[in-house]
1. Look at PHE371 and say whether it is of a type in the set (Phe, Trp, Tyr), within 16 Å of ligand 2 (Cβ to nearest atom) and closer than 18 Å to LEU132 by Cβ.
2. Being among the aliphatic types (A, V, I, L, M) and farther than 25 Å from THR269 by Cα: is that true of LEU418 here?
3. Residues PHE371, PHE342, PHE350, PHE384: which one is under 14 Å from the mean Cα position of the chain (by Cα) and surrounded by fewer than 22 Cβ atoms within 10 Å (Cβ to Cβ)?
4. Specify the residue that is nearest to SER185 (Cα to Cα); the eligible residues are those in region 292-313 that are outside any helix (DSSP H, G or I) and within 15 Å of ligand 1 (Cβ to nearest atom).
5. List every residue pair whose Cβ atoms lie under 8 Å apart, where the two residues are 6 or more positions apart in sequence or sit on different chains, the first residue falls within region 195-223 and is farther than 19 Å from GLU167 by Cα and modelled with pLDDT of 90 or more, and the second residue, located anywhere, is part of a helix (DSSP H, G or I) and within 16 Å of ligand 2 (Cβ to nearest atom).
6. Given the criterion within 30 Å of THR100 (Cα to Cα), within 16 Å of ligand 1 (Cβ to nearest atom), at pLDDT 95 or above and under 23 Å from the mean Cα position of the chain (by Cα), identify the matching residue among TYR147, TYR137.
7. Which helices (runs of 4 or more DSSP H) does region 340-446 wholly contain that include 3 or more residues that are more than 28 Å from ILE295 (Cβ to Cβ)?
8. Determine which member of the set ASP244, ASP279, ASP261 is charged (D, E, K, R) and closer than 23 Å to ALA178 by Cβ.
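The values are calculated or read from the model by the stated rules, or taken from the named source; none is laboratory data. A quick note: this is a predicted structure, and the numbers were derived from the prediction, not measured. Note that each Cβ is placed from the backbone with ideal geometry, even for glycine, and that neighbours are counted across all protein chains shown.
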Amino acid sequence: MPEKNTPTCPPTCPTDLSLVDSTYPVGVPLTAKYRQGFAFKTINLRLPVILTKIIDQLSRDKNEIGESYGQEARDDVKIVVGALAKFKNEMVTNKPIYKTGCKIWDSYLEQIAQLYFEGVVEEVKWYFAPWLHVECYFYKRIHDAFYLSEPLKSFDPFKKQKQEGFECSKKSAELLAAYISSSESSDTVLQNLLEVGLWGNRCDLSLSGGEEVSQLGNLVDQLQGLRNFVLCDESASFWKILKDAKTTNPDNPVTIGYVLDNAGFELVTDFCLADKLMDRVDRIDFYVKTTPWFISDALKGDFNWLIERMCNCSDFPALVTVGERWKGYILSKRWTVVESEFWTYPHAFFEMQQADPELYSTLAKHTHLIFKGDLNYRKLIGDFSWKPDTPFKDALRGFCPAPLISLRTLKADCIAGLRKGLAEEIESKSPDWLVSGEYGIMQHAQ
Ligand SMILES: O=P(O)(O)OC[C@@]1(O)O[C@H](CO)[C@@H](O)[C@@H]1O
Ligand SMILES: [Mn+2]
């Protein structure tokens, strides 16, 4: 890792290859170059821990892996562990971000080199490349290590944690299930569930390095107290669009594109919101990732596992009832799961229209979009150090295939769309407000 150094040219100068002992200046892509930023902490501390845990767990579980995937898989664990250990060394010694042989990634890398490193690909290194790119690349390389082994090609090293995340939050999930089963779809109940969905994003596994995070108590009862922590609530525009949808376009089905984030308890909160939304919409398409991502992100397998698991929770009758109803929505295709590789690309969303025009036009057909979670928010605003009072719409840089709302608890140090002065106010009473997960936003654009 390069020595701490005084910058010799302005901090926005991308070819100034030394770390800086400050946080990001305004108007740059977040990078680990700035030691006081969360990007530095992530690359320096959090990612190596995540990787070490995967390596340890694989070594511990190799017999179990052999039993489930066969002897060849058990033998291949060594190959995967070797690849991961080599990869960890690249990261901690600030080696270049190497090409992967995958066209979309390699050309994105070249683009980064063009934009920030005078075209020199070898200069794009862990601590200087845009954080969003680096952190996505981290999960891509983990996946590539498993891909070396035929029987472990689609192994999900985070599956156990995701499932435990649900198991240890079943009581809270049951209370939510009981709440939606015993209440009308009134405006108040819907608003509560939107907020439940927001706060469901508070505890993801990536932030805790994969440690179990259980949700305690009744989230609905906690909403009143949590309202002081919502820094921006533009949910009224979301409800208005849904209300007007049938009159504006009587011939079109009313549909929601629900871009999911985490599996486990957060997914239960998403399903509870979706359940009550069914009184107002014709169909909900849930967008999921295709490979294990940011530890807790939902894959199609996690989606199906959760509903099936709920239906088997005989000690939790409300979970069984709603689980059965959700199975029905899937069977009747009023709920669908859509997989797309774009969500595991390094691109910010303003680049979607060019990188994946098909996905962009699919999203554009929805009446409304819901983007869940912190990573989706980072991609919405391009993981860029905007002035916090930059209008959300401006920070989207033209990305708005359909009206959209972002439900996000703040776990990374970038934000836009706050009223003037609010960032300073919160900063003075809670210095780690941007990354603690304590605060949330519900921001809307159309
Ligand atoms: O998208 P999510 O699940 O809400 O959060 C993912 C996350 O934990 O990972 C990143 C740091 O590693 C942060 O952007 C964010 O806090
Ligand atoms: Mn996530």
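1. Yes: the conditions hold for PHE371.
2. Spelling it out, LEU418 is indeed among the aliphatic types (A, V, I, L, M) and farther than 25 Å from THR269 by Cα.
3. So the residue among PHE371, PHE342, PHE350, PHE384 that is under 14 Å from the mean Cα position of the chain (by Cα) and surrounded by fewer than 22 Cβ atoms within 10 Å (Cβ to Cβ) is PHE342.
4. Going through the qualifying residues, I end up with ALA298.
5. Hits for this filter: GLN222/TRP199; LEU223/TRP199.
6. Only one candidate qualifies: TYR137.
7. 357-364, 422-429
8. So the residue among ASP244, ASP279, ASP261 that is charged (D, E, K, R) and closer than 23 Å to ALA178 by Cβ is ASP279.
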